[in-house]
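The values are calculated or read from the model by the stated rules, or taken from the named source; none is laboratory data. Since the model is a prediction, treat every value here as computed from it, not as a measurement. Note that each Cβ is placed from the backbone with ideal geometry, even for glycine, and that neighbours are counted across all protein chains shown.
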Amino acid sequence: MTTYGDVHRRFLQSFVYHPVNTEAEALEAYRLTCEEQGQEMGSLNQLVDTINATIRKYTTLEIKTIFCELTGQKYYIATNTADLKWTKNTSRYSKNEQLIFRKVLDDIVRSETGNISSITCLNVYSNVNMSKSEMSATIAKFVRDGWFAEKKGRLYMGVRAAAELEPFITQVYQDMTSSCPLCKKLIFWGHRCGSCPEVSHLHCLRKFFASTSGDAACPACRARWHNWDEDYLSDMEESS
């Protein structure tokens, strides 16, 4: 489907109401749209490329593909590509919620590990006019909306923040950010070989290791990485 039509319009409309979608959710939305319009499914990526090429002529909306740093799962996210102000993207939240949002974002970017304790947030952000239960509910809302990810009591940068706020983050925190040596994109949390400080995305390592045979070399320093098979990658994911 290289010509923009009703399937493209209906698929794009579904992202207006549900901007963060896993690959499975995006495929299901595509399937239902094609079924509704009586058309055969084609390539999801080609569909998205056609939509983006068409709408960029008259809007700053774009459907981006991005991978979760924690799981390596692929997402399709509707983003506003024009405004560098983070408040533009989070305007539907209250002022207190935006304050919590900025504090969590700031702490994750500044942390050496790329994540922060969710319990610490409740104790440290005492100057915000919220009870701990309200603050906890607010953080849970941000996680549901895809801005942050939570695992084992730690908060990480979510797929939506990575997709929508990259221009803002790289501009404001330019001396504190780094990029994955494989995809060259912004990275907050990932995996190290043990011989150098460079951090790589889980999904990038999977792709990189799949293209090699035997023991893989670190993509940054070329030192030998540990056993790189899927069992090792699964162990890395489980330990995150």
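Among the conditions (1) β-branched (V, I, T); (2) in a helix (DSSP H, G or I); (3) crowded, with 16+ Cβ neighbours inside 10 Å; (4) modelled with pLDDT under 95, the only one that I116 does not satisfy is (2). For the range 44-82, the set of residues classified as loosely packed, with under 14 Cβ neighbours inside 10 Å, assigned to a loop (DSSP other than H, G, I, E, B) and not small (G, A, S) consists of R56, K57, Y58, T59, T60, listed by residue number. Among the residues of the range 92-110, the ones that are free of Cβ contacts under 8 Å to residues at least 12 places away in the same chain, in a helix (DSSP H, G or I) and either basic (K, R) or in contact with an Asp or Glu (Cβ under 6 Å, 6 or more places away or on another chain) (or both) come to 1 in all.
Checking each residue in the range 20-43 for being touching a residue at least 12 places away in the same chain (Cβ under 8 Å), part of a helix (DSSP H, G or I) and more than 19 Å from the chain's Cα centre (by Cα) picks out A29, Y30, T33, C34, E36, Q37.
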